[in-house]
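Let me begin by presenting the structure, written as structure tokens, before commenting on it.
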């Protein structure tokens, strides 16, 4: 689905139809790109039946043909396919004309392409299948062809993973009848996760299936209550001796990620080369004060192995209160192999070269509350009739941020106002991962303001106006350098109505302040406006 102003996202999309979240596009080379896309585009229009259903099915590959003219820009300058793309477009158009009739095919093709634009920008893109020399694996095993994971991704499903007769944090209580003893309770963990102890490294062994560099690690921390402790991503290599050599350790990731469940990927500054048959050692170290995050994981059966095989199990735990360092070696006798929970981690190739892509995040709330929005306040919002609105009668601000940050400091967040009131709705830019510090555009029926928030809900005014917003108004806030502006769309044209320049540059910026979000408020029995859609993007 395209965004409301019909702007095509330059990098990523989140919305309906399973496209929630941000996904990357795999890198590829010229020969494989030509072969895969040529075959895919032309094959889809051989003998296509003349009905809309079949045509829509073919529309995905059809958009690949329309994409060809812009493919050099899409790859960020990775390769130049412009000349070949023009010829492929001609071939594709001829195939479409043969199947449908020239004019009808062309008209419907463009409409279908427009509708499919955000989808092809996502992981489902045809571009992802054009990676040379890698073993193809089904989606239930991995969602990215470059990934080699600790276990097949689809094993992360809901079920009864653990049970207790006493309350356990995060477990769901079920009332039961226990024979003549009467009523009782059972506490079940229905989510595939576990919480490791602090000051430990939880790591798995991954056998490499192809020669070449790896640069991206993916892991899935689950939601955590309280203040999380430090978290580090660790990449190691199994040596012939059974020892582990640490190749790379990330910076502390806790300041950079939300406390919600979300797939996280981190790109190492340099590639690490593994050969076919090598064993990578990928783990998550959590240490220091605070609460360890649960990790998405599955349970493995306790199966004894002979003493002369290594490793004895898929998951190993190493106790360490100190941050591990690259170049250090962990002796094979230092690991604890008694744990049965195996965290999901994966190791893959770099999927984008050059500067990070500019992202576009979009939610239209048509399918209820998106799981990509992390609640940062004690009060709640809900979705009613496709509108993000206040839930409950408690006064206060409902604060939500998108669980994936943008890639750049220059940002823009927009939304459509529904039902403006004396209480304000918020659009947030440059938030930290805890939503403690951010700048927001506040709008209501009595006026609007650019506000600086600290400690989540304490704010100071940067710029204000008594100009109100009306129902169905589209508004947006921009942060470009040290200048913050607010705009409203009037008769199809964006018009600035607020501006603030941070002359002394005291407002935080940088990688730790690239989250965006939205908010609602309630006070004195009055709810703020709702939001009909929300969009954030890099500028």
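Observations, loosely collected:
- Of the criteria (1) under 30 Å from the mean Cα position of the chain (by Cα); (2) over 20 Å from residue 207 (Cα atoms); (3) modelled with pLDDT of 95 or more, which one residue 279 fails: (2)
- Residue check for residue 463: in a loop (DSSP other than H, G, I, E, B) and either within 28 Å of residue 226 (Cβ to Cβ) or at pLDDT 95 or above (or both): no
- Test: residue in the range 262-273 that is crowded, with 20+ Cβ neighbours inside 10 Å and either on the phi < 0 side of the Ramachandran plot or in contact (Cβ under 8 Å) with a residue 12 or more places away in the chain (or both): no
- Residue match in the range 403-415 (condition: within 20 Å of residue 524 (Cβ to Cβ), touching a residue at least 60 places away in the same chain (Cβ under 8 Å) and surrounded by fewer than 24 Cβ atoms within 10 Å (Cβ to Cβ)): no
- Counting only residues that are within 21 Å of the chain's Cα centre (by Cα) and closer than 17 Å to residue 260 by Cβ, the range 182-237 holds 13 of them.
- Of all residues in the range 361-373, those that are within 12 Å of residue 398 (Cβ to Cβ) and outside any loop (DSSP other than H, G, I, E, B) total 1.
- Check on residue 457, modelled with pLDDT of 95 or more and touching a strand residue (DSSP E or B) at 6+ places or on another chain (Cβ under 6 Å): no
- Of the criteria (1) touching a strand residue (DSSP E or B) at 6+ places or on another chain (Cβ under 6 Å); (2) modelled with pLDDT under 95; (3) assigned by TED's automatic domain parsing to the domain that holds residue 332, which one residue 233 fails: (2)
- Sole residue being out of contact with any helix residue (DSSP H, G or I) (no Cβ under 7 Å at 6 or more places or on another chain), assigned to a strand (DSSP E or B) and within 26 Å of residue 512 (Cα to Cα), chosen from 218, 204: 218
- Any hit, the range 439-448, residues being touching a helix residue (DSSP H, G or I) at 6+ places or on another chain (Cβ under 7 Å), at positive phi and either part of a strand (DSSP E or B) or surrounded by fewer than 16 Cβ atoms within 10 Å (Cβ to Cβ) (or both): no
- Qualifying positions in the range 458-478 - within 29 Å of the chain's Cα centre (by Cα) and surrounded by 15 or more Cβ atoms within 10 Å (Cβ to Cβ): 459, 473, 474, 475, 476, 477, 478
- Scanning the range 289-317 for residues that are touching a helix residue (DSSP H, G or I) at 6+ places or on another chain (Cβ under 9 Å) and under 29 Å from residue 399 (Cα atoms), we see that the one that is surrounded by the fewest Cβ atoms within 10 Å (Cβ to Cβ) is 290.
- Taken over the range 401-422, residues that are assigned to a loop (DSSP other than H, G, I, E, B) and either under 17 Å from the mean Cα position of the chain (by Cα) or under 21 Å from residue 386 (Cβ atoms) (or both) amount to 9.
- Residue among 427, 451 that alone is free of Cβ contacts under 8 Å to residues at least 40 places away in the same chain, assigned to a strand (DSSP E or B), assigned by TED's automatic domain parsing to the domain that holds residue 489 and under 18 Å from residue 528 (Cα atoms): 451
- Long-range neighbours under 7 Å by Cβ, at least six apart or interchain, first residue free of Cβ contacts under 8 Å to residues at least 24 places away in the same chain within the range 298-319, second assigned to a loop (DSSP other than H, G, I, E, B) and surrounded by fewer than 19 Cβ atoms within 10 Å (Cβ to Cβ): 305/312
- Test: residue in the range 295-310 that is within 15 Å of residue 234 (Cβ to Cβ) and in the same structural domain as residue 210 (by TED's automatic domain parsing): yes
The values are calculated or read from the model by the stated rules, or taken from the named source; none is laboratory data. These numbers were taken from a predicted model, which means no experiment stands behind them. Counting neighbours? That spans all protein chains shown, and the Cβs are built from the backbone with ideal geometry, glycine included.
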